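Quick notes on the structure that follows.
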Amino acid sequence: MISWNFPGNQDGQVKGVADAGIENFNGTELSSLARENCQNSLDAALDDNNPEVLVEFERYFVHDNQIPGIEEYRKILRKCKNFWDASKSEKAKTFLKNAVTQADHESGFMLRISDYNTTGLSDPYIEPGDPFNFSFDGWNALIKIDGGANKGDDKAGAFGIGKSAPFSNSYYRLVFYRTFNQKHERAAQGISRLMSYREGTSMTSGVGYYGNPEGNNPVESIEELDAMNTRTEIGTDVFIYGFKASSDWDVEITAALLESFLMSFYNGQLRVKVQDREINAVTLKGHMEKIHNERPGATKGTYGNYLALTRTEGVYTYTKDFHGMGKLELRILVDPNEKLDRKVLIVRKAGMKLFRLGNISKLVPFTGILELKGKALNSYFRTMETVAHDNWEPGRHSNPKQAKAYYEEIKDWIRSIVAELAEHTSDDEMDVEGLSGVLQREPETAETGDSDNKRENLNDHLGNIDILERPIRTPSKGFFYGKGEEGSSESTSTKGTLGPTGETGVRILKGKRKRKKLDSHRGIPDPKGKDVVVQKKPGGESNCPLKNVRVIKRSTGTYSVNFEIPHDVEYGRIELVTVGENGKSNRIHIKDVKPSDGCKIAKLNGDFIETVGMSSTEKIKITVTLADSHDYAMEVNVYEHN
């Protein structure tokens, strides 16, 4: 006989309304439902050589006689309500009042989620009288095991907290499951994750089962489910009764699927039918464009990720073997004309989105996708995932110190790649946020004609628009001091003298000087050395701002420094300075320097980088490691020696 059974709690814990699993998905019910169920289906792909999984989302309008055991369930809801009405929990009272009202309706919505080309759920039956015959996989992992996510290797931790997502989408927490597995076993059962209530002299556990009450086992079939949909292929079905359906539920589901499974669709690993409209590798473009145009906020960074997958121009691909566990594959799109999120989407095997990694660079308009490839690599980082599978937390790993180091290594690798891309972005190409919608006035020339007439013409077509002057370029991040106007000094004065004109300039200390204060250029005179004095006021080729200065953080304490100089320098010095709020600059102590292009390093002198050759025909690139790990707003100064 098929019936409802809510087992007793043996005078143990009383289950309230705030089920931790269900509460986790409140506010994101539909998107979580789409994400969790599709991930379970992808993990259960029938054939690794033909991994394309099909998932269907179909909503039905059903009458109460199409809901299995509804009359008995209505009585249970009332018993539960009567018990909790005596409590002080307003949340419990409100939930149960609404649940009873919704369940009493003669008709309502039901959502069916079905998957195909999957394995189905194994071992649905336990032999009566054999309590030791218990499977920790398949059917029991979904129906009976709580807090024991059982998927290993590179699989997701599904059948953990994610199996609560369907219940968060039901007004009265009623869900039915059905499977047809590889052994051609059929099973069906209803589950209610309700609340404890008093039944006679005992208290129930709060979780009920609809099926064979002996052992709370499933049955081979439930008539109402089969009448709704016939299962002929191997796979699993989820039926959510009392479905909380908004009018645009299908659009919300579609947006959530594109957000979470973009890579799965693109790689042909997943097909999803939402009320007879299919999302697959072929139709992906149409669905993405439609959602992006109609609900741009719903796609967030997903549309940029889609462009990174489908474009060829402005896209860069990088790979890295990661400690023999597998391969990291990074795809970066750079395009100043698109609103890109400057983040990298992290996806694991089967293409499910984990999270977007930010705080990478503000210099480059980019978006990216990082894919983990390899069973061992996916398994390693899976153990760092949060219960919602939306972040990595190294503290969750069995070796948190190593996990943190590996995570930082991945972040540093991504930052170094984006930093390299930033080096090829000139100042003239930088996007100034907020100016894209403002018309700018170019200087008047004989060719432009009457600007007033042009403004009238613009106003006729575009309305009254303020036309602003083109903004002044940002100040240079450093200066070049050439040796053109120079003198010498042997005094201990901070300033030296430039020839007969008597102008003062900056002293560049030479020889072996015992310096008292590095910042003020003071020192004790040495008969064997003279100071070079160069003109401080910038102007002309010899004393001018440096061009295209880039100081980019690669990792903690390590920076890439790039710039261009006006002419070749045979002997020179490079210094890094940080400018405080009072306008005073202080030199930054450098621990190590490595040249890349455009110059040769003679030696590192603590505060200065001595060079024996700097070229003006190519960008000068060096990598410096600072003596400390502080973050500085840096400027670069270059001095030319005699």
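Side notes on the structure shown:
- Residues located in the range 222-236, provided they are in a loop (DSSP other than H, G, I, E, B) and open to solvent by less than 30 Å² (accessible area, probe 1.4 Å): ILE222, ASN229, ARG231
- All conditions but one from (1) crowded, with 21+ Cβ neighbours inside 10 Å; (2) within 30 Å of SER260 (Cα to Cα) apply to LEU54; the one that does not is (1).
- Qualifying positions in the range 599-621 - under 15 Å from GLU640 (Cα atoms) and of a type in the set (Lys, Arg): LYS600
- Selection over the range 16-46 of residues that are open to solvent by 40 Å² or more (accessible area, probe 1.4 Å), outside any helix (DSSP H, G or I) and within 22 Å of VAL238 (Cβ to Cβ) gives a count of 5.
- Whichever residue in the range 74-96 is assigned to a loop (DSSP other than H, G, I, E, B) and free of Cβ contacts under 8 Å to residues at least 12 places away in the same chain and, among such residues, is most open to solvent (accessible area, probe 1.4 Å): LYS88
- Of the residues ALA256, ALA298, ALA245, the single one that is of a type outside the set (D, E, K, R), touching a Phe, Trp or Tyr at 6+ places or on another chain (Cβ under 6 Å) and at pLDDT below 95 is ALA245.
- GLU71 passes every criterion in (1) part of a helix (DSSP H, G or I); (2) without any contact (Cβ under 8 Å) to a residue 24 or more places away in the chain; (3) within 42 Å of the chain's Cα centre (by Cα) apart from (3).
- Among the candidates LEU46, LEU30, residue that is on the phi < 0 side of the Ramachandran plot, hydrophobic (A, V, I, L, M, F, W, C) and touching a strand residue (DSSP E or B) at 6+ places or on another chain (Cβ under 7 Å): LEU46
- Qualifying residue in the range 601-617 (condition: open to solvent by less than 40 Å² (accessible area, probe 1.4 Å), in contact (Cβ under 8 Å) with a residue 12 or more places away in the chain, within 16 Å of PHE480 (Cα to Cα) and in a loop (DSSP other than H, G, I, E, B)): yes
- For GLN10: the one exception among (1) open to solvent by 20 Å² or more (accessible area, probe 1.4 Å); (2) closer than 26 Å to ALA388 by Cα: (2)
The values are calculated or read from the model by the stated rules, or taken from the named source; none is laboratory data. Just so you know, these numbers come straight off a predicted model, no measurement behind them. Here Cβ is always computed from backbone atoms with ideal geometry, including for glycine, and neighbour counts include all displayed protein chains. Side chains included, ligands, DNA and RNA excluded: accessible areas come from the protein's heavy atoms. Shrake-Rupley method; radii C 1.70, N 1.55, O 1.52, S 1.80 Å.
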